[in-house]
Amino acid sequence: MRILVTGGAGFIGSNFIRYFLRRYPETTLINVDLLTYAGNVANMEGFTAYPGYRFLHADINDREKLEPYFAAGLDAVVNFAAESHVDRSIEAPLVFARTNINGTLNLLALAQQYGVKRFLQISTDEVYGALGPEGLFTEESPLAPNSPYAASKAGADLLVLAFYKTYGLPVLITRCSNNYGPYQFPEKLIPLAIINAVRDEPVPLYGDGQQVRDWIHVDDHCRALERVLRDGRPGTVYNIGGRCERTNREVVRLILDLLGKPEDLIRYVADRPGHDRRYGVAVDKIRAELGWEAAIPFAEGLAQTVGWYLKHRQWWEAILSGAYMEFYKRNYGYRLGKTEHKDR
Ligand code: NAD
Ligand code: TYD
């Protein structure tokens, strides 16, 4: 089997490659990653030694660099590469369109030209917009994205489906809820809360902290992706979720509890513009068709994740001390920084 994975130096992509190569060690797997601020060579530990593993430092928009790999024949493309953080998309939306929409289109065009057998697009439940207190997103929920990030992912989903309808490219789309686990970049809520709490720094909660996310451990997500890649029906969208809705405040309190830190580390800060109130995903379709269900209980997965960040201090200290940190402090001083706190 020969597959091309994009974004494999990021959080979910690196976990997926580790999982996939453990199960299918004979695979030839080309990992295409631009190594943006979120891509990290340290995330690739544990799989670079597989004989079939190759790393290609490239932009998914770079047709010239990618074409030889497509021309050599591919059984599958799995597209994780993206700008993935909502707050950044509010600050600087253009790169989200470039990578998430144009980049996906470039991969689709190559896949169609060279007859790739399966194209799996890693999408998000955020394309459905926000829920009120009741109900769940199904695959039939209308696309109603709110943030520039979510809009760029919805745009990519439409292009992916257009390639199925227009050219018969065998595509699959998964829309997963909020992931957590090892190697997640510390701009996202869970790793940020863990790292700030470990350092006795304030943990910022946006607005009233009562927004709800549906959390899933990254290992459960990777297992679902393998099921979809193998047995999903072309042209089909599959939701993936943990059926684990928690308010942000509940999540942060659990983390503080696990670390034995006081609740007064929580800082309520200005809300995110256009902040989606609630996400929750129905998983009936993937359960019925592919027999998949999330298996890792939140309390267990969160404790394991906290343990991972405690054990991998060097990993996140390197990130915090990098040039990226300077940018981050300048723009978002209150999040990871030591001093300024833009309290509400
Ligand atoms: P991440 O930000 O940790 O990793 C993204 C990776 O893509 C990085 O390694 C980065 O270097 C690479 N990349 C960015 N632009 C690129 C480009 N132009 N060319 C090549 N590589 C590029 O993201 P993540 O959290 O691992 O998310 C992976 C995918 O899963 C994304 O498509 C995201 O939309 C989707 N997703 C994420 C979540 C979540 O909770 N994190 C939930 C649902 C779906
Ligand atoms: P995040 O991890 O950025 O994921 P997403 O925006 O894709 O859901 O945020 C998860 C939730 O936590 C979201 O409601 C925003 C909130 N949040 C905070 O309250 N404080 C923070 O410092 C961050 C990063 C997020």
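The values are calculated or read from the model by the stated rules, or taken from the named source; none is laboratory data. Since this is a predicted model, take the numbers as computed values, not measurements. Cβ coordinates were reconstructed from backbone atoms using ideal geometry, including for glycine residues, and neighbour counts include every protein chain displayed. Side chains are part of the model used for accessible areas, which takes the heavy atoms of the whole protein and leaves out ligands, DNA and RNA. Shrake-Rupley method; radii C 1.70, N 1.55, O 1.52, S 1.80 Å.
Phe163 meets all of the listed conditions (1) more than 12 Å from ligand 1 (Cβ to nearest atom); (2) touching a residue at least 60 places away in the same chain (Cβ under 8 Å); (3) within 22 Å of Leu107 (Cβ to Cβ) but one, namely (2).
Pick out the one residue from Arg330, Arg246, Arg278 that is modelled with pLDDT of 95 or more, open to solvent by 30 Å² or more (accessible area, probe 1.4 Å) and charged (D, E, K, R). Don't jump to the end; show me each part of the working.
Working: Arg330 fails: modelled with pLDDT of 95 or more; Arg278 fails: open to solvent by 30 Å² or more (accessible area, probe 1.4 Å).
Going through Arg330, Arg246, Arg278 in turn, just one is modelled with pLDDT of 95 or more, open to solvent by 30 Å² or more (accessible area, probe 1.4 Å) and charged (D, E, K, R): Arg246.
Entry remark, region 34-71: residues being open to solvent by less than 70 Å² (accessible area, probe 1.4 Å) and either within 16 Å of ligand 2 (Cβ to nearest atom) or assigned to a loop (DSSP other than H, G, I, E, B) (or both) number 15 in total. Within region 41-84, restricting attention to residues that are without any contact (Cβ under 8 Å) to a residue 60 or more places away in the chain, among the aliphatic types (A, V, I, L, M) and closer than 24 Å to Cys176 by Cβ, the residue that is nearest to ligand 1 (Cβ to nearest atom) is Ile60. Which of the residues belonging to region 182-192 are touching a strand residue (DSSP E or B) at 6+ places or on another chain (Cβ under 9 Å) and surrounded by fewer than 24 Cβ atoms within 10 Å (Cβ to Cβ)? Lys188, Leu189, Leu192, listed by residue number.
Within region 168-182, the presence of a residue that is among the charged types (D, E, K, R) and outside the structural domain of Val127 (by TED's automatic domain parsing) is excluded.
Just wondering, is there one or more residues in region 184-205 that are more than 16 Å from Ile255 (Cα to Cα), assigned to a loop (DSSP other than H, G, I, E, B) and more than 14 Å from ligand 2 (Cβ to nearest atom)? No: region 184-205 contains no residue that is more than 16 Å from Ile255 (Cα to Cα), assigned to a loop (DSSP other than H, G, I, E, B) and more than 14 Å from ligand 2 (Cβ to nearest atom).
Taken over region 1-33, the criterion of being surrounded by fewer than 20 Cβ atoms within 10 Å (Cβ to Cβ), more than 24 Å from Gly115 (Cα to Cα) and among the hydroxyl-bearing types (Ser, Thr, Tyr) is satisfied by Tyr19 alone.
Evaluated against (1) touching a Pro at 6+ places or on another chain (Cβ under 7 Å); (2) in the same structural domain as Ile173 (by TED's automatic domain parsing); (3) of a type outside the set (D, E, K, R), Leu225 falls short on exactly one condition, (1). Of all residues in region 1-19, those that are more than 6 Å from ligand 1 (Cβ to nearest atom) and out of contact with any Leu (no Cβ under 7 Å at 6 or more places or on another chain) total 6.
Picking from residues in region 151-183 that are touching a Lys or Arg at 6+ places or on another chain (Cβ under 8 Å) and part of a loop (DSSP other than H, G, I, E, B), the one that is farthest from ligand 2 (Cβ to nearest atom) is Pro170.
Regarding region 104-120, can at least one residue be identified that is open to solvent by 50 Å² or more (accessible area, probe 1.4 Å), among the aliphatic types (A, V, I, L, M) and over 18 Å from the mean Cα position of the chain (by Cα)? So far as region 104-120 goes, yes, one or more of its residues are open to solvent by 50 Å² or more (accessible area, probe 1.4 Å), among the aliphatic types (A, V, I, L, M) and over 18 Å from the mean Cα position of the chain (by Cα).
Being modelled with pLDDT of 95 or more and either in a helix (DSSP H, G or I) or buried (at least 16 other Cβ atoms within 10 Å of the Cβ) (or both) is a description that does not apply to Tyr268.
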